[in-house]
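In what follows, a single structure is set out as structure tokens and then discussed.
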Amino acid sequence: MTETGKAIALHAGLVVLLFVLQWVLPAYHHGNLARVMVLATYAMGYNLLFGYTGLLSLGHAMFFAAGMYGMALTVKHLGWAPAPALVAGIGAGLLLSLAVGALALRTAGVAFMIVTLMFAQAVFLTILYFGEWTNADDGLVLQRAERMMWGLDLSNDATRYVAAWVLFTVCLGLSLWLVRSSFGKVLIAIRENEPRAQMLGYDTFRHKLAAVTASGTMSAAAGAGYGLLFGYAGASFAGVQYSILPLLWVLLGGAGTIVGPFIGALFTFYLIDIASGFTSAYMAVVGGVLIALTLFARQGIGGELRRRVWRWLP
């Protein structure tokens, strides 16, 4: 089997496994896995920018929040149905990422990190400032009637799981196609040696802007999906924590691997869940495990699998 065939088979197997698990898992883990799939989609968006293009953003929560609030505000204040509201959320993320990318990419390195953090803080403060519409810290709660899409009740556990699975599957497929395309190869070339990519005639600014836009749009899709499936849009999702989390998930799962964001999100979610059941100082336990993993698996779990077992892993 070719490397492309192996990659498709592996990721298709993951998708099939996740679909089958909905009939096997107990209710608690059933709900957790639905949440993990949406958060892993957010991490996949981040991975396109950081793992494959080499651009470290500290403000990705603004795209997640743009999708979430773009969806929630149109439902609550304009009375839109969930389907067009979901499109509005994704569109809001696309426009924001395009604007932020055009400005932030005038910088590089540490300056790019700081600029993205500043933009994210501006979005967070904007949400608080317009509290009359966003309900500030309390956020917006979507009622069951507002979460009916095409006759399907997204507040129902089984429906929510399938919807999360569809979102995850579509974004996983898009990521796999993108990074194996000629465009994806250019992004990897920029990550490895941008001056050489420029010397070969590639417009690196245009490619990086496209990467920021694709990354932000996918993150916004995750944010809109999260708000719709779990019925809440809050300012906390635009905070610094939700900019750091996808970085953590990608690093632990394996930056520059398609399956890494899912592994990292799943591992971190259950590490916190299990540790909190044993001690109130669960973050100390989590920190120790994460430090050990960083020291002994520097390429992340997915990266180590690629280095030791599956060298063809994209």
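The values are calculated or read from the model by the stated rules, or taken from the named source; none is laboratory data. Bear in mind the structure is a predicted one, so any value in this text is a computation, not a measurement. Quick reminder, even Gly has a Cβ in these numbers, built from the backbone with ideal geometry, and neighbours come from all protein chains shown.
Determine whether TYR69 is under 30 Å from PRO195 (Cβ atoms), touching a helix residue (DSSP H, G or I) at 6+ places or on another chain (Cβ under 9 Å), surrounded by 24 or more Cβ atoms within 10 Å (Cβ to Cβ) and in contact (Cβ under 8 Å) with a residue 40 or more places away in the chain.
Values: under 30 Å from PRO195 (Cβ atoms): no; touching a helix residue (DSSP H, G or I) at 6+ places or on another chain (Cβ under 9 Å): yes; surrounded by 24 or more Cβ atoms within 10 Å (Cβ to Cβ): yes; in contact (Cβ under 8 Å) with a residue 40 or more places away in the chain: yes.
When the stated conditions are applied, TYR69 does not pass them.
Would you mind telling me which numbered condition in (1) at pLDDT below 90; (2) surrounded by 14 or more Cβ atoms within 10 Å (Cβ to Cβ); (3) on the phi < 0 side of the Ramachandran plot THR159 fails?
Looking at each condition in turn, THR159 falls short on (1).
Is it true that ALA221 is buried (at least 20 other Cβ atoms within 10 Å of the Cβ), touching a residue at least 24 places away in the same chain (Cβ under 8 Å) and either farther than 30 Å from LEU33 by Cβ or touching a strand residue (DSSP E or B) at 6+ places or on another chain (Cβ under 7 Å) (or both)?
Values: buried (at least 20 other Cβ atoms within 10 Å of the Cβ): yes; touching a residue at least 24 places away in the same chain (Cβ under 8 Å): yes; either farther than 30 Å from LEU33 by Cβ or touching a strand residue (DSSP E or B) at 6+ places or on another chain (Cβ under 7 Å) (or both): no.
Judged against the criteria, ALA221 is not a match.
Yes/no matrix, rows are residues, columns are (1) more than 16 Å from the chain's Cα centre (by Cα); (2) under 30 Å from SER182 (Cβ atoms); (3) of a type in the set (Gly, Ala, Ser):
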{"residue": "ARG35", "(1), (2), (3)": "no, no, no"}
{"residue": "MET62", "(1), (2), (3)": "no, yes, no"}
{"residue": "GLY67", "(1), (2), (3)": "no, yes, yes"}
{"residue": "THR74", "(1), (2), (3)": "yes, no, no"}
{"residue": "GLY79", "(1), (2), (3)": "yes, no, yes"}
{"residue": "VAL115", "(1), (2), (3)": "yes, yes, no"}
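How about the range 294-310: which of its residues are under 23 Å from the mean Cα position of the chain (by Cα) and either at pLDDT 80 or above or outside any helix (DSSP H, G or I) (or both)?
Residues satisfying the conditions are ALA297, ARG298, GLN299, ILE301.
If you take the residues in the range 195-226 that are charged (D, E, K, R) and either out of contact with any Ser or Thr (no Cβ under 9 Å at 6 or more places or on another chain) or not in a helix (DSSP H, G or I) (or both), which one is farthest from ALA83 (Cα to Cα)?
Our first condition is that a residue be charged (D, E, K, R); within the range 195-226, this holds for 196, 203, 206, 208.
Right, trim to either out of contact with any Ser or Thr (no Cβ under 9 Å at 6 or more places or on another chain) or not in a helix (DSSP H, G or I) (or both) and you get 196, 203, 206.
Working: ARG196: 44, ASP203: 36, ARG206: 31 Å.
Ranking the qualifying residues of the range 195-226, first place goes to ARG196.
Being touching a residue at least 24 places away in the same chain (Cβ under 8 Å), touching a helix residue (DSSP H, G or I) at 6+ places or on another chain (Cβ under 6 Å), buried (at least 18 other Cβ atoms within 10 Å of the Cβ) and part of a helix (DSSP H, G or I): is that true of LEU252 here? Steps first, answer last, please.
Values: touching a residue at least 24 places away in the same chain (Cβ under 8 Å): yes; touching a helix residue (DSSP H, G or I) at 6+ places or on another chain (Cβ under 6 Å): yes; buried (at least 18 other Cβ atoms within 10 Å of the Cβ): yes; part of a helix (DSSP H, G or I): yes.
Taking the combined requirement at face value, the residue satisfies it.
State all residues of the range 23-33 that are at pLDDT 90 or above and under 23 Å from GLY260 (Cβ atoms); if no residue qualifies, say none.
Within the range 23-33, ASN32, LEU33 qualify.
Would you confirm whether any residue within the range 104-113 is in contact (Cβ under 8 Å) with a residue 12 or more places away in the chain, aliphatic (A, V, I, L, M) and farther than 30 Å from TYR232 by Cα?
Going through the range 104-113, the residues in contact (Cβ under 8 Å) with a residue 12 or more places away in the chain turn out to be 104-105, 112-113.
Within this subset, residues satisfying the condition of being aliphatic (A, V, I, L, M) are 104-105, 113.
Still in the list and also farther than 30 Å from TYR232 by Cα: 105.
Yes; the residues of the range 104-113 include at least one that is in contact (Cβ under 8 Å) with a residue 12 or more places away in the chain, aliphatic (A, V, I, L, M) and farther than 30 Å from TYR232 by Cα.
Hey, does the range 6-13 have a residue that's surrounded by 24 or more Cβ atoms within 10 Å (Cβ to Cβ) and of a type in the set (Gly, Ala, Ser)? Outline the logic, then answer.
Initial filter on the range 6-13 (surrounded by 24 or more Cβ atoms within 10 Å (Cβ to Cβ)): none.
No, there is no match, as no residue in the range 6-13 is surrounded by 24 or more Cβ atoms within 10 Å (Cβ to Cβ) and of a type in the set (Gly, Ala, Ser).
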